[in-house]
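Just below is one structure, and these are the notes that go with it.
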Amino acid sequence: MDHQLFADMYDAHARAVYAHAVRMTADRAGAEDIVSLTFLEAWRLRDSLDQVANQRAWLFGVATNVIRNTRRTARRHRAAMARLPPPDAVPDLADAVVSRIADSDRATAALAALNRLRRADREVLLLSVWSGLSHEEVAQACGVAVGTVRSRLSRARARLHKLTAREGTH
């Protein structure tokens, strides 16, 4: 079947297939999808349309099968969704936003305080506290003795404590 004959068949029967689909589904939007799928299937089978005596009846049969398949697919989808665990409760976004703003303010204050430390003390503190390295690993990364790491870390913590205490009173 050539393109023009198929277009003629569509023009002649699309409204009737749509009305059939609406009657079968009671869903106008769904019926439009059924018509599309019906004519897609008809196009796929267009080489066998020459043997079809009544195109309208044949298209109704195709549409009915498409409706069955669509319902079966929907049923399987619902069953699959029912097997999924229920979703976790959605957290209150307002609390998260407030928390992020507070965290951002704290992070800005922490970075400002960190930037006031000596470079060597800051490096030891960041490697030890934020990166989670042991004293030995920090010593290896910085190329210094473990005792030096301990003294720098102690000095950095004491300086940070003073800086944050002073910032908190302003």
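The values are calculated or read from the model by the stated rules, or taken from the named source; none is laboratory data. Since this is a predicted model, take the numbers as computed values, not measurements. Glycine also receives a Cβ, built like all others from the backbone with ideal geometry; neighbour counts cover every protein chain displayed.
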Legend entry - Qualifying positions in region 125-145 - of a type outside the set (S, T, N, Q), surrounded by fewer than 16 Cβ atoms within 10 Å (Cβ to Cβ) and not in a loop (DSSP other than H, G, I, E, B): 126, 129, 130, 136, 137, 141
Legend entry - Check on residue 116, modelled with pLDDT under 90, surrounded by 11 or more Cβ atoms within 10 Å (Cβ to Cβ), of a type in the set (D, E, K, R) and touching a Leu at 6+ places or on another chain (Cβ under 9 Å): yes
Legend entry - region 1-35: number of residues that are loosely packed, with under 12 Cβ neighbours inside 10 Å and within 32 Å of the chain's Cα centre (by Cα): 2
